[in-house]
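Before any comments, here is the structure.
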Amino acid sequence: MRQAVVLGASIAGLLSARVLADAYDRVLIIERDETEGAVPRRGVPQARHLHGLMERGRQIMEELFPGLTADCAAAGAPTTEVLRESRWYLSGLRVRPTDTGLTTLLASRPMLENAILTRTREMPGVELSRRAAAGLTGGRAITGVRLADGGEVAADLVVDATGRGSRAADWLAALGHERPAEERVDVDLGYSSRLYRRKPEHLDGDLAVVVSTMPGFRGGGAITLEGDRWHVTLAGMLGDHPPTDPAEFEQFAATLPVPDVHEIVRSAEPLDDPVPHRFRGSLRRRYDRISASPQGFLVVGDAMCSFNPLYAQGMTVAAQQALALRACLPAPDPARFYREAAGAVDVAWQMSTGSDLRYPGVEGPRSLRSRIVGAYSARAQVAAHHDAAVARTFMRTANLTIPPTSLLAPDIAFRVLRAGRR
Ligand SMILES: Cc1cc2nc3c(=O)[nH]c(=O)nc-3n(C[C@H](O)[C@H](O)[C@H](O)COP(=O)(O)OP(=O)(O)OC[C@H]3O[C@@H](n4cnc5c(N)ncnc54)[C@H](O)[C@@H]3O)c2cc1C
């Protein structure tokens, strides 16, 4: 009997388990949290903050779980065309409303995760065990997992999906393996989030507003969630963090470059108190560059690469990695998996860090490429304000459905550069 063990039952772990279930007799998911119900839990503190699901991620989730979007919609999560009934402001300018062919699923993060968990557990051979992993067993090849309660579980494959706080590098080092190099881009981002009762007249009936955040420009957003609620997140970079005191929260909302979010904050009934989150920086662990990755062990999701959440890429990259894993079945070789996954990770990493490194206060390695990407994407944002073709292409690249190089197609580049001259 072939057994795969997945550590962590969040988005990356569940999507990995889903694809492994097609090739392994048993897939054991080890998760230290209680996972009953669509509620935020300790191991996923970010679930209390705004989570946008990019279209590429939704498409993959739909492919892995046909009908998932409809399930969420039936449970009350609104779906809409990305630039319709949603207001996107980049650099303080509204992206021109136009049809993009992209769907927004406005499910809360706990609802989405719970829907994926329910469907994953229905897969033959999948089991969930509420325990904590504490290490790996084996030598040159990994043969299983050590648990915090002293037990051990044998596995033909172990997948670490324990998130950004993953200890896999230490676990591998304890068995004599090389640690992955780390790349960081520090943004010192702060979030503060609160739920409100939604009334149909808010934002003239629109379902979402997103205001981009940059050093010197506070941002955030408000998104309609299931249960007629607004999920409001305020954000600030480089230490300019939004407060959690309710009165100060409202004052911070008033300082955003556009009034839409503040309108909700000052007029809607709050349903809880603001909660904070601090994100120091994007972090990429280069497992793909380890010269001899041990067989029987893979790292996925935020444990491999955690992106600045402002770009809403994490869940989608986790979904792309699940497809990479599927391409490596029935017996995934680590070097091949990291190669397959690298394309998606590279694109998202270059898009988000390239954009962040535009700002002098952001710490991280700058290359000529990152400078060009940053300058060009700033121009594209301005062009997207009045040019529907640029708006459509920009939103599709941000949603990871087309490569960022699509913004360099001659017709689009002409429009972007013309906007820059204005
Ligand atoms: C503030 C914030 C906002 C974000 N917004 C977005 C967004 O808008 N869109 C988007 O796509 N992404 C967003 N992300 C990223 C997104 O949350 C993650 O990319 C996504 O959850 C995938 O992460 P993961 O499954 O790898 O790890 P996580 O979601 O961090 O989950 C790790 C899991 O492992 C479990 N675990 C940890 N250690 C152990 C152990 N030793 N034993 C057993 N279980 C363990 C935890 O309990 C948890 O269930 C955001 C992130 C942050 C921080």
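Going by amide H atoms built from the backbone, whose H comes under 5 Å of the H on Arg87, apart from near neighbours?
Ala208, Val209, Val210
Residue separation times 0.36 nm, minus the C-alpha to C-alpha distance between Glu263 and Arg366: what's the value?
33.3 nm
Express as a percent, rounded to the nearest 5, the fraction of DSSP beta bridges in the chain (both residues included) that run antiparallel.
Rounded to the nearest five, the antiparallel share is 70 percent.
Between Gln350 and Ala148, what FRET efficiency follows from the Cβ-Cβ distance if R0 is 51 Å, with the result rounded to 0.05?
With R0 = 51 Å, the Cβ-Cβ based efficiency is 0.85.
What do the square roots of 5 times the Cα gyration tensor eigenvalues come to for the chain, in whole Å, largest first, as semi-axes of the equivalent ellipsoid? Show your work: numbers first, answer last.
Details: eigenvalues 250, 121, 82 Å².
Square roots of five times the eigenvalues give 35, 25, 20 Å.
Label-point separation (nm) for Val275 and Glu63, each offset 7 Å from Cα along Cα-to-Cβ?
3.3
Report, in cubic angstrom per residue, the convex hull volume of the C-alpha atoms of region 354-421.
Taking the convex hull of the Cα positions in region 354-421, it is 93 Å³ per residue.
In whole Hz, with x marking every Gly and Pro, tabulate ³J(HN,Hα) for region 146-163 from phi via Karplus 6.51 cos²θ - 1.76 cosθ + 1.60, θ = phi - 60°.
9, 9, 5, 7, x, x, 9, 10, 7, 8, 7, 8, 10, 10, 8, 10, 8, x
Let me know the longest stretch in the chain that avoids all GluC sites (Glu not before Pro) found in a DSSP loop with at most 13 other C-beta atoms within 10 Å.
By the stated rule (loop sites, at most 13 other Cβ atoms within 10 Å), 202-422.
With labels modelled as points extended 7 Å from the Cα through the Cβ direction, what inter-label distance (nm, one decimal) is found for Ala181 paired with Thr137?
Reported label-point gap for Ala181 and Thr137 is 3.5 nm.
So what are the ³J(HN,Hα) numbers for region 363-380, from phi and the Karplus equation (6.51, -1.76, 1.60; θ = phi - 60°), rounded to whole Hz, Gly and Pro as x?
So the Karplus estimates, Gly and Pro as x, are 8, x, x, 9, 10, 4, 4, 5, 5, 5, 4, x, 5, 5, 5, 5, 5, 4 Hz.
Taking the chain as the reference, fit the longest principal axis to its C-alpha atoms, fit the long axis of helix 410-421 to the helix C-alpha atoms, and give the angle between the two in degrees, 0 to 90, nearest 10.
Here the helix axis deviates by roughly 50 degrees.
What net charge do the residues around Leu323 carry, taking every other residue with its C-beta under 13 Å from that of Leu323, with Lys and Arg at +1 and Asp and Glu at -1? Can you show the working numbers first?
On the way: positive: Arg18, Arg56, Arg326; negative: Asp22, Glu62, Glu63, Glu340.
So the environment of Leu323 carries a net charge of -1.
Here, each number is a calculation from the coordinates, and none is a lab measurement. In this text, all values refer to a predicted model and were calculated from it rather than measured experimentally. Using ideal geometry, Cβ is built from the backbone for each residue, glycine included, and neighbour counts are taken over all protein chains shown.
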